[in-house]
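To start, the structure itself, in structure tokens.
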Amino acid sequence: MIAVRKLPVRYAPIVMPRVLSIVMTAVVSVISTLRSLGATPAFPATWPGAWALSWLIAFPILLVVLPMVRRIVAGLVAAPSQPGQ
């Protein structure tokens with residue numbers, strides 16, 4: 001098995017929104033491009049540009065919005081109970 005080096009935990013605040021934005025923009029851009037073009041021969045050439053543009057917008061927005069979303073979620077969800085309390 002090949003050992004994979006992991007990034008230090010300090011990179012988590014940038015890695016998580018990056019991975020999330022890649023996955024979400026890929027899914028949404030596939031759906032919207034298929035909806036507008038259909039499953040045509042133009043789809044494979046059109047989708048990467050649509051995805052890249054949506055990712056360029058989504059990633060910086062996630063970096064700004066994610067801390068606010070975490071605070072909102074923390075206000076809506078009960079904290080886990082501590083053992084012994």
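Coordinate-derived values only; no laboratory data. What you are looking at is a predicted structure, and each value in this text was computed from that prediction instead of being measured. Using ideal geometry, Cβ is built from the backbone for each residue, glycine included, and neighbour counts are taken over all protein chains shown.
Note on segment 13-70: Kirkwood hydrodynamic radius from all Cα pairs is 12.0 Å, rounded to one decimal. At a Förster distance of 35 Å, what's the computed FRET efficiency of Val73 paired with Ala39, Cβ-Cβ distance as r, to 0.05? E between Val73 and Ala39, to the nearest 0.05, is 0.40. Packing around the peptides 64-72, 51-59, taken as the average count of other Cβ atoms within 10 Å per residue, puts them in this order, highest first: 51-59, 64-72. With a Förster radius of 30 Å applied to the beta-carbon distance between Phe59 and Gln82, the computed FRET efficiency rounds to 0.25. Highest average first, the peptides 33-40, 15-22 ordered by how many other beta carbon atoms sit within 10 Å of their residues are 15-22, 33-40.
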